[in-house]
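Data block below; observations after.
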Amino acid sequence: MDRKILIQYALEARKAAYTPYSEFQVGAALVTKAGKVYTGCNIENASYTPTNCAERTAFFKAVSEGEKDFSEIAIAGGKKGPVTSFTAPCGVCRQVMMEFCDPKEFKIIVAVDEDNYREYTLEEMLPFGFRPGDLL
C-alpha cells in the first residue's frame, strides 16, 4: 500500500484515541495481505492495566473479523497535538505482531507525517520474539 495513504490512516485513527490521563495519542493502520486496512487507537483506563494500545486494537479488530495474514502497519503517536517524534510499538504489541506475522516480511512504519517516517521489519524490532512454533 502507498506509504503516504497508510500513514494518513494512522494519523486519522489517532484522532479517536481516548487518553484522558496521559494525553499520549496513538493511531495505527494495519494492512492485510489482501490489502484491507484496519485502524486502531489507544484506549486508556483509570486503572491503567486494562489500557489497550492502538496496534493491538487494530490487530484485535482484524482478527475478530477473521483476518490472520498481515503485511504491514503504520503507527503515529505522541502527546496531544501534532506528532513531533517517532513512536515505536511497545513490547506487548510486538509480541502480538509475532503471533500473526512473518518477522522477516512484516513491515512496521513509524511516522511523524506522510513524508517523515521510518520503516523496520518485525525481526528488527523484536529479534528474539517468541513464535507460536516455539510451543511445539
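Kindly indicate the residue of the range 1-50 that is in a loop (DSSP other than H, G, I, E, B) and polar (S, T, N, Q) and also modelled with the lowest pLDDT among those meeting that condition. Step through it out loud before you land on a result.
Restricting attention to the range 1-50, the residues satisfying the condition of being in a loop (DSSP other than H, G, I, E, B) are 1-2, 15-17, 19-23, 33-36, 42, 44-50.
So of that shortlist, the ones also polar (S, T, N, Q) come out as 19, 22, 42, 45, 47, 49.
Numbers: T19: 98, S22: 97, N42: 98, N45: 97, S47: 94, T49: 90.
Going through the qualifying residues, I end up with T49.
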Do we find that V92 is more than 20 Å from A16 (Cβ to Cβ) and either part of a strand (DSSP E or B) or of a type outside the set (G, A, S) (or both) in this structure?
yes
If you check every pair at least six apart or on different chains, which have Cβ atoms under 8 Å apart with a residue in the range 24-46 that is under 19 Å from E114 (Cα atoms) first and a residue that is charged (D, E, K, R) and part of a strand (DSSP E or B) second?
Q25/K79; L30/E72; V31/E72
Counting just the residues of the range 84-103 that are of a type in the set (V, I, T) and touching a helix residue (DSSP H, G or I) at 6+ places or on another chain (Cβ under 8 Å), which one comes out surrounded by the fewest Cβ atoms within 10 Å (Cβ to Cβ)?
V92
Odd one out for K68, checked against (1) more than 19 Å from T87 (Cβ to Cβ); (2) under 13 Å from the mean Cα position of the chain (by Cα); (3) not β-branched (V, I, T)
(2)
Tell me, yes or no, whether the range 54-65 has at least one residue that is modelled with pLDDT of 95 or more, not in a helix (DSSP H, G or I) and not acidic (D, E).
no
Can you spot a residue in the range 104-113 that is surrounded by fewer than 17 Cβ atoms within 10 Å (Cβ to Cβ) and under 27 Å from K15 (Cα atoms)?
yes
Subset of the range 62-83, residues surrounded by 11 or more Cβ atoms within 10 Å (Cβ to Cβ), closer than 16 Å to I7 by Cα and out of contact with any strand residue (DSSP E or B) (no Cβ under 6 Å at 6 or more places or on another chain), comes to G78
For the range 23-36, enumerate the residues that are among the β-branched types (V, I, T) and closer than 15 Å to F106 by Cβ.
V31, T32
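Looking at the range 49-70, can you tell me whether even one residue there is of a type in the set (V, I, T) and in contact with a Lys or Arg (Cβ under 9 Å, 6 or more places away or on another chain)? Spell out how you get there, then give the answer.
First, pick out the residues of the range 49-70 that are of a type in the set (V, I, T): 49, 51, 57, 63.
Now restrict to residues that are in contact with a Lys or Arg (Cβ under 9 Å, 6 or more places away or on another chain): none.
Checked against the condition, which is being of a type in the set (V, I, T) and in contact with a Lys or Arg (Cβ under 9 Å, 6 or more places away or on another chain), the range 49-70 yields no hits at all.
The values are calculated or read from the model by the stated rules, or taken from the named source; none is laboratory data. The structure displayed is predicted, hence computed values, not measured ones. For neighbour counting, all protein chains shown are included, and Cβ atoms are generated from backbone atoms with ideal geometry for every residue, glycine included.
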